[in-house]
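Quick notes on the structure that follows.
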Amino acid sequence: MINRLVRNMMNEAKQKLTLAEQKAKELFAAVEERGLIAPGKTESELIAEIVELAKNEFGIDQFWHKKIVRAGANTLQPYSGNPPDVVIQNDDMVIVDFGPIVDGWEADLGRTYVMGNDPLKLKLKTDIEAACHEAKAWHTQQYGLTGAAYFNYLTQLAKKYGWEYGGEIGGHIVGHFPHEQLDPDDLGLDIHPDNHSDILQHDPQGNPRHWILEIHFVDRANNIGGFFEQLLN
């Protein structure tokens, strides 16, 4: 009976996180359909438009991490960066990264958009999406995996595709808001080069942790970066 209750709780958490991510995907689709990602507006203006759309049409009015839109050379910046606000140009790459809270559960979705038809930029967009699916498939084959080992895998994956890995981490956990927190210096809940804990282990209550995978590839010579982020498990 206890095992059945635990399984039900595990399934419910995964279902809630999946539903939250689906709502985030619907929001991003609506942003595309309305042509909001367009040259001539600043990053901050686009953020404001997405926030308004999320509230008015999806009932989303809370976000658990800072809202990110980055264009041009700003796409090289890691999550922790706070580059100056810029205007989206006709041939820019644009990264959108939002963490909406849906019915108390966290989503974290990141996508890359290409203004224009530059072949190199379109290749970067395609490569990061393919790499994310490849990294997810590889993860499912592991029986023990430290955050450091997975981060190293992602950096090698970037090289395989012909890019540099630009992120400070390769992912993190999500859950019911606010998700599990460790001490500030404990990297155990990040896919980080200094996290030597097994990211496949359960939390102290015996519940499986649910992870976000984020892929950030950059080309510093051409001042472009691409980003793709969604649930890993």
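Bear in mind these aren't lab numbers, they're just calculated from the coordinates by the rules spelled out. Keep in mind that this is a model prediction, so the values were computed, not measured. Every residue, glycine as well, gets a Cβ built from its backbone with ideal geometry; the counts of neighbours run over all protein chains shown.
The table for this structure:
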quantity: Sorted peptide list for 40-53, 97-110, criterion being average Cβ within 10 angstrom, highest first; calculated: 97-110, 40-53
quantity: 222 nm mean residue ellipticity, helices alone, for the chain (DSSP H n ≥ 4; -39,500 (n - 2.57); rounded to 500); calculated: -12500 deg cm²/dmol
quantity: Neighbour-count order for MET93, MET115, fewest beta carbons within 10 angstrom listed first; calculated: MET115, MET93
quantity: Cβ-based exposure ranking for SER197, SER80, in which fewest neighbours within 10 Å come first; calculated: SER80, SER197
quantity: Positive-end residue of TRP105, VAL94, ASN207, charge dipole of the chain with Cβ unit charges; calculated: ASN207
quantity: Inter-centroid distance (Cα atoms) of the range 104-151 relative to the range 18-73, Å; calculated: 19 Å
quantity: Nitroxide proxy distance, nm - points 7 Å out along Cα→Cβ at ASP118 and TRP64; calculated: 3.4 nm
quantity: Assigned charges on the beta-carbon of Lys, Arg, Asp, Glu; the chain dipole about Cα centre (debye); calculated: 580 debye
quantity: Packing-based ranking, highest mean first, of 174-185, 121-132 given that Cβ atoms within 10 Å are counted; calculated: 121-132, 174-185
quantity: Relative contact order of the chain, defined on C-alpha pairs under 8 angstrom at six or more residues apart (%); calculated: 22 percent
quantity: Amide H contacts under 5 Å for GLY167, placed H, 5+ residues apart; calculated: HIS216
quantity: Nearest-20 debye value, the range 50-105 charge dipole, Cβ charges on Lys, Arg, Asp, Glu; calculated: 180 debye
